[in-house]
Each structure stands twice: as structure tokens, then as C-alpha cells.
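Novice: Quick one: the structure is below, and I'll ask about it shortly.
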Amino acid sequence: MQLFMHYFMDSIGNLYNAVVREMFRNSTSINITIILSIALGLLFGMLGFKIFKLIIALGSTLVFGIVAWAAMRINNSPQEMANVITALSALGGAFAGYFLYKIGLFLQGFIMGGLLSILILANQKVDMNEMINIIIPIVSGVGTGIFFVVLSKFMTILYCAANGAFLIAAGIQGIIIQSSEGNYNLIMKLKGELSWLVGFEFIFLVGIPFTVFFIYWQYITETNVTNHNENKIKEINTV
């Protein structure tokens, strides 16, 4: 279990570092990243429930691919085989996420719940090879997966709203950082009394109101669409 977690987190770290290096390669890349971050944030936040199958498919693609890659690393599989299995697993995740979205939703909840319990157990420095400490993440994962499926509408809206808010906050933070280029006074302030503007605190403070707004927006628009469809059906039935 510990070995799997090591390779799993290592795979996530490598993917994150590769993306970050590409996005912040130069000023042009940074500007494009900021624009895409805000645009995707608005898309996820305002239309997330309408395109949730696509969003779940993207999330499932990453999760399945990373899990497969970690499993291949544990077994010391040849590089070519690891690449093929990872690609096939990612495609399978995309298929499950889009066409069998409730399965994709369950699996994302399962992995989230399992990983959270593993991280908590690891933080307590318990022996992850003991049977009870293997069962706990499985039970936690199943429970979280079922929770995701039962409350699929709410969890989907919350998931999209939170991610959209995070992307917008990150984009705004990127604008602040970019505006400091060549401005010595602002750079010093960002290193001093305004350091919270370039930290997670800023993401959190800006993200919460955006998340609340996006949840409200998606529920209102979804309710309006549902009422409109019901009225259409009533009109057809009365004809």
C-alpha cells in the first residue's frame, strides 16, 4: 500500500511539474495560461452541470491513467507496456466517465475517499501493511463513492463550482504576479505585507464567494430549464 501511494503521488507530482513548466515557460505562455484558467473557470462554474459528463470523463481519464501508471511502476513493467496500459486505462476512464458517468462518478469518489483515509492513516504513522489499515481505505472509498452517486447532482455542481472558482482565483493571482514584473516596489510588497496575495490564502478567500455564486447560478439555471421543459410537456399534452 505504501509503495503504491509513493508511486501514485510521484506520478501526480511529475504530471503537475511538467504542466507547470510548460505553462510558465515564458511571458506568452503565462498570459495564455491566465486567459485559459479564467475562461475554463467560468465554463466550469456556470455551465458545469450541463457539461458534467465531459468534466467527469476528463477527471476519470487522469485518475485511471495515473493509477495504471503507478501500478505499472510497482511491478517494474517495461516502459512500452506501461505506456500502452496507461493509455488504454486512460481511454477506459474517459469512456466510463462519459458514457457510464455514474460509474465514473463512483470511482472518483472511491479514489478520493480512499486516498483521504490513506493520507490520514499515513500521517498517524500506522503500519499500512496491517489488514485493518488496508480495509479502512477500501470502506472509506466505497462509502464516498456511494455518496457521490446518491447525491450526484449536488456533488457534480459542487465539484464544478469549486474547480471553476479555483481556476478563476488562480487566474486573478496570475494577473497580480504578472503585473509585478519590472515593478520593484510591488515585488517587495508581494514578498512582505502583501505576500498573502500570492499564497493559497488568496485562492481560498477569492474561491469561496465564487464557489457560492456558481452553486447558486447552476441551481437557478437548472431549475429554470426544468420548469421550462415541464411547461412544454404540459402544453403538448393539452393539445
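Novice: Just need the Rg to Rh number for the stretch 60-171, please, alpha carbons only, Kirkwood Rh. Walk me through the numbers before you get to the answer.
Specialist: On the way: Rg = 15.9 Å, Rh = 15.5 Å.
Over the Cα atoms of the stretch 60-171, Rg/Rh equals 1.02.
Novice: Okay, moving on. Ordered by residue, what ³J(HN,Hα) values in Hz, to whole numbers, does the stretch 167-184 give under the Karplus form 6.51 cos²θ - 1.76 cosθ + 1.60, where θ = phi - 60° and Gly and Pro are x?
Specialist: Listing the rounded values in order: 5, 5, 4, 5, x, 4, 4, x, 5, 4, 5, 5, 5, 7, 4, x, 9, 4 Hz.
Novice: Related question: Which ³J(HN,Hα) values in Hz, rounded to whole numbers, follow from the phi angles of the stretch 38-53 under the Karplus curve 6.51 cos²θ - 1.76 cosθ + 1.60, where θ = phi - 60° and Gly and Pro get x?
Specialist: 5, 5, 5, x, 5, 5, 5, x, 9, 10, x, 5, 6, 10, 5, 4
Novice: Moving on. May I ask for log10 I(q)/I(0) of the stretch 158-226 at q = 0.17 Å⁻¹, from a Debye sum over the Cα atoms as equal point scatterers with solvent left out?
Specialist: -0.65
Coordinate-derived values only; no laboratory data. The shown structure was predicted, so the numbers you read here are calculated from the model rather than taken from an experiment.
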